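These notes concern the structure reproduced below.
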Amino acid sequence: METNNNQEIKSSKQYHPQMHSAEHILNQTMVRMFNCGRSFSNHIEKKKSKCDYHFDRNLSREEIEEIESKVNEVIQQDLVVKEEFYSINEAETKFNLSKLPDDAGDKIRVIKIGEYDACPCSGMHVTHTNKIGKFKLL
Ligand SMILES: [Zn+2]
């Protein structure tokens, strides 16, 4: 994939593209369901990943099932995952850039998952959501 900005793919984290793409969908799902913001900390691995959200209680079984089925519903819609570039000024009006590194440059790469999610990110992603596979909360 060719990019025209000077952000580098995060090689240190070695994101697994499927897991990482699922993380984008999970984050948007959590935001929509609970208005809790995107995960503030996460650990993404091929077999099992962890995402932390600001919550003052545990999720109920019903909520967990609802999150799972919503994320899987989005995956099964086979949405196109694409990158778009914004100037930093434009990006500031549309996205939360607080997690962006200081050296991100003046072109911001935004990953869009259909119309479901859009988030600044320099990681690697699948091209279509059905390549993610099945999502399960453990
Ligand atoms: Zn990403």
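The values are calculated or read from the model by the stated rules, or taken from the named source; none is laboratory data. Since the structure is predicted, the reported quantities are computational estimates derived from the model, not experimental observations. Counting neighbours? That spans all protein chains shown, and the Cβs are built from the backbone with ideal geometry, glycine included. To get the accessible areas, we keep the full protein, side chains included, count just its heavy atoms, and leave off ligands, DNA and RNA. Shrake-Rupley method; radii C 1.70, N 1.55, O 1.52, S 1.80 Å.
By a 1.4 Å probe calculation restricted to protein chains, residue 20 has an accessible surface near 10 Å², given to the nearest 10. Taking the accessible area of the chain, probe 1.4 Å, and keeping the other protein chains in place, the carbon and sulfur fraction comes to 47%.
Put a dot 7 Å past the Cα of residue 92, heading toward its Cβ, do the same for residue 36, and the two dots end up 3.1 nm apart. Rolling a 1.4 Å probe over the heavy atoms of the protein chains gives the chain an accessible area of 64 Å² per residue. With all protein chains in place and ligands, DNA and RNA left out, the 1.4 Å accessible area ranks 128, 16 as 128, 16, largest first. The angle between the Cα long axis of helix 61-76 and the main principal axis of the chain comes to about 50°, on a 0 to 90 degree scale. Model label sites at residue 52 and residue 131, defined 7 Å from Cα along the beta-carbon direction, differ in position by 3.1 nm.
The accessible-area ordering, largest first, of the residues 95, 40 stands as 40, 95, per a 1.4 angstrom probe. Taking all protein chains as they are arranged and a probe of 1.4 Å, the heavy atoms of residue 21 leave approximately 0 Å² accessible to solvent.
Measuring with a 1.4 angstrom probe and ignoring ligands and nucleic acids, residue 131 comes out at about 110 Å² accessible.
Seen against the Cα atoms of the chain and their longest principal axis, helix 17-34 is set at about 70 degrees.
Listed by chain and number, the aspartates and glutamates whose C-alpha is less than 14 Å from the C-alpha of residue 112, apart from same-chain residues fewer than 8 away, are 23, 78, 83, 84. Checking the Cα-Cα distances for 48/134; 47/131; 94/134 against a 24 Å cut-off, the pairs over it are 94/134.
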